[in-house]
Amino acid sequence: MSTEDDHSRSHIYVWDQPLRIVHWSLAASIVVAWLSAIVFDSLHRQAGYVAIGLVAFRIIWGFVGSDSARLSRLTFLLPNAIRFLRRLMRGRTGGYVGLNPAGAVMLVASLGLTLISGVSGCMQITVRFFGVAWVQVLHTWSSYALLALVGVHILGVAVVSIMQRQNLVVAMFTGRKKRIHLKRT
């Protein structure tokens, strides 16, 4: 038996290519937007536009994309987030094919904050909202909150990767996760 056959039996295809491209592109656009803020206005603005477009695509893909990309899965996952986190604190991750319940909360929160930050950033450069304090505050604080969520996301991925003994970062590049009593959600 070849090692490729062994690999296909020990791993399961989870995330499709459009989902993975959006994930990493959105991460890159957020990093670029953050690093270019104040210093490179044009680049900052372009990264914001890209982020808004990627969020829009991700939402559309959540209705028409593959099974693991479907936003309808969130109806099961979101209500179970607190229970999942309690179990995680006791060292039990469960086995989820795609997002776990905490990941579902992260998805909703990060997409929402990206939109708030992006739209409020766009508002700031319009004649009507230029210099309006609440728009500037909304953009600043949603951007900081998004950055905090990115940190929590990275920490969560690291913790679950260690607990499940699998590299979820690599899985988000390849689309394949190691089989570990996975639940279809």
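The values are calculated or read from the model by the stated rules, or taken from the named source; none is laboratory data. Everything numeric here is computed off the predicted structure, so don't read it as measured data. Reconstructed Cβ throughout: ideal geometry from the backbone, glycine too, with neighbour counts over all protein chains shown. Surface accessibility is based on the protein's heavy atoms, side chains included, excluding ligands, DNA and RNA. Shrake-Rupley method; radii C 1.70, N 1.55, O 1.52, S 1.80 Å.
So what's the projected area for the chain, the Cα convex hull averaged over all directions, in nm²? Don't jump to the answer; show the numbers that get you there.
Values: hull surface 48.4 nm².
Over every viewing direction, the Cα hull of the chain projects on average to 12.1 nm².
Leaving out ligands, DNA and RNA, and with a 1.4 Å probe, what % of the accessible surface on the chain is carbon or sulfur?
Solvent-exposed carbon and sulfur of the chain make up 69 percent of the total.
For segment 105-152, report the accessible area per residue in Å² (1.4 Å probe, heavy atoms, rounded to an integer).
Per-residue accessible area for segment 105-152 comes out at 57 Å².
How high is the relative contact order of the chain, in percent, with contacts defined as C-alpha pairs under 8 Å that are six or more residues apart?
This gives 28 percent for the chain.
GNM on the chain, C-alpha springs below 10 Å: top fluctuator among VAL159, VAL39, VAL119?
VAL39
Among LEU107, LEU155, LEU26, which one moves the most in a GNM of the chain with springs linking Cα atoms closer than 10 Å?
LEU155
Could you give the size of the charge dipole of segment 33-137 about its Cα centre, using +1 on the Cβ of each K and R and -1 on the Cβ of each D and E, expressed in debye and rounded to the nearest 20?
Roughly 540 debye, rounded to the nearest 20.
How much mean residue ellipticity at 222 nm does the chain get from its helices, if each DSSP H run of length 4 or more adds -39500 (n - 2.57) and you divide by all residues, to the nearest 500 deg cm²/dmol?
It lands at -23000 deg cm²/dmol.
What are the ³J(HN,Hα) couplings of segment 119-135, residue after residue, when phi is run through the Karplus curve with 6.51, -1.76, 1.60 and θ = phi - 60°? Round to Hz, x for glycine and proline.
Result, rounded to whole Hz: 5, 5, x, 5, 4, 4, 9, 8, 4, 5, 10, 4, x, 6, 4, 5, 5.
Which residue, ARG45, ARG128, ARG86, has the most motion in a Gaussian network model of the chain that connects Cα atoms within less than 10 Å?
ARG128
Using the Cα centre as the reference, give the magnitude of the dipole from point charges on the C-beta atoms of the chain (Lys, Arg: +1; Asp, Glu: -1; all else neutral), rounded to the nearest 20 debye.
It comes to approximately 800 debye.
Quick one: pull the percentage of alpha-carbon pairs in segment 4-85 with a separation above 16 Å.
On the way: 2157 of 3321 pairs.
The calculated P(r) of segment 4-85 puts 65 percent of pairs beyond 16 Å.
Rounded, prolate or oblate for segment 95-185? Axes are the square roots of the Cα gyration tensor eigenvalues, ordered a ≥ b ≥ c, and the cut-off for rounded is a/c under 1.5.
It is prolate, given that a/c is not under 1.5 and a/b is the larger ratio.
Projected onto the charge dipole of the chain (+1 at Lys/Arg Cβ, -1 at Asp/Glu Cβ, origin at the Cα centre), which of GLY175, SER10, ILE60 gives the Cα projection farthest towards the positive end?
Highest projection toward the positive end goes to SER10.
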